[in-house]
Amino acid sequence: MKTTNPVLARLGQAAERERAAGYAPAGPYGQPGYGQPYPTAAGYPAAPPTVRPMSIDDVVVKTVTLLGILAVSAAAAWTLVPDALVGVAWIGALVVGLVLGLVISFARIANPALVIAYAVVEGVFVGMVSKAFNTVYPGIVLQAAVASFGVFFLMAMLYKSRVIRATPRFVRGVVAAMVGLFAVMMINLVLALFGVNTGLRDGGALAIGFSLVCIVVASLSFVLSFHEIEEGVRMGLPQRYSWTAAFGILVSIVWLFFEILRLLSYFQGDD
């Protein structure tokens, strides 16, 4: 199975090596793992165990698990963090979540503990931001959540019916747009810390347009995740990579939620 995605290609090659070597995580009593030979009997080499490939169901279960963890973490932060510490918790969770997200994304680490830690930290961030917005605009958080999952399921149906296809040109375009938007948001954040208002987040026409662009790109990023999952299943990637696939969906949902939350707030007006 060939793929145009270099990351998936590398993961597929790693999966082939693991299957050839008989990969199995090392246990507490020295069971075979990386670099450890499997026991033999009567002079005959034992057949290596089969590495269970990931499935769509694996990704669904992991995604639901991460969303549940994020929701619990967000609810706990909303309830337990005092109003005076909301800003500190907000910024702290933003920084830690950004670092964890970059590590997982660029290193392509299929580490459940790291992905779960990201979900917990991101939950704190979601809880703090949601609490701040809901205080000013009651009910806006529920509206944004419903809209976000509505867009997710819509994109899933469009991808399944092949209305939208992840062609190489489409993938390159969406990735370029995501990188560009991330760079713009980081620059805008730094300038905001120094009191410079670029107009991207002040509720004006430029802010509305920017949020709409972000919502479109965040929605299209689901197609990239669906494509990677489909290709990963076809290539027989090990089951643990379902955590990485679920992480990608989680990031897109959270990003989409915040952009919809901002856009709705622009039309609420000041109370």
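What do you reckon, is A107 surrounded by fewer than 17 Cβ atoms within 10 Å (Cβ to Cβ), of a type in the set (A, V, I, L, M) and over 20 Å from E228 (Cα atoms)? Against the criterion (surrounded by fewer than 17 Cβ atoms within 10 Å (Cβ to Cβ), of a type in the set (A, V, I, L, M) and over 20 Å from E228 (Cα atoms)), A107 does not qualify. Does A84 fit the bill of being crowded, with 19+ Cβ neighbours inside 10 Å, aliphatic (A, V, I, L, M) and either at pLDDT 95 or above or over 17 Å from the mean Cα position of the chain (by Cα) (or both)? When the stated conditions are applied, A84 does not pass them.
Looking across segment 158-188 at every residue that is in a helix (DSSP H, G or I) and among the β-branched types (V, I, T), the one that is surrounded by the most Cβ atoms within 10 Å (Cβ to Cβ) is identified as V174.
Among the residues of segment 141-156, the one identified as closer than 13 Å to S252 by Cα and either over 18 Å from the mean Cα position of the chain (by Cα) or of a type in the set (S, T, N, Q) (or both) is S148. Which residues, taken from segment 106-153, are free of Cβ contacts under 8 Å to residues at least 12 places away in the same chain and assigned to a helix (DSSP H, G or I)? Those that are free of Cβ contacts under 8 Å to residues at least 12 places away in the same chain and assigned to a helix (DSSP H, G or I): F106, A107, A113, N134, T135, L142, V146, G150, F153.
Select from segment 219-244 the residues that are buried (at least 23 other Cβ atoms within 10 Å of the Cβ) and in contact (Cβ under 8 Å) with a residue 40 or more places away in the chain and list them in ascending order.
In the first step, residues of segment 219-244 are kept if they are buried (at least 23 other Cβ atoms within 10 Å of the Cβ); the result is 222, 225, 228-229, 232, 237, 241-244.
Listed by number, the residues that qualify are F222, E228, I229, G232, L237, Y241, S242, W243, T244.
Could you list, in sequence order, all residues of segment 194-215 that are small (G, A, S) and either loosely packed, with under 14 Cβ neighbours inside 10 Å or without any contact (Cβ under 8 Å) to a residue 40 or more places away in the chain (or both)?
The answer is G195, G199, G204, A205, G209.
Taking the conditions (1) out of contact with any Lys or Arg (no Cβ under 9 Å at 6 or more places or on another chain); (2) closer than 16 Å to I253 by Cα; (3) surrounded by 13 or more Cβ atoms within 10 Å (Cβ to Cβ); (4) not small (G, A, S) in turn, L191 satisfies each one other than (2). Scanning segment 189-240 for residues that are β-branched (V, I, T) and either at positive phi or part of a helix (DSSP H, G or I) (or both) turns up V190, I208, V213, I215, V216, V217, V223, I229, V233. Every residue in segment 54-80 that is surrounded by 18 or more Cβ atoms within 10 Å (Cβ to Cβ) and either more than 25 Å from F149 (Cβ to Cβ) or of a type outside the set (G, A, S) (or both), please. Once the filter is applied, which keeps residues that are surrounded by 18 or more Cβ atoms within 10 Å (Cβ to Cβ) and either more than 25 Å from F149 (Cβ to Cβ) or of a type outside the set (G, A, S) (or both), segment 54-80 yields M54, D58, V59, K62, T63, L66, L67, I69, L70, W78.
The values are calculated or read from the model by the stated rules, or taken from the named source; none is laboratory data. From a predicted model like this one, the values you see are computed outputs, not experimental measurements. Glycine gets a Cβ as well: all are built from the backbone with ideal geometry, and neighbour counts include every protein chain shown.
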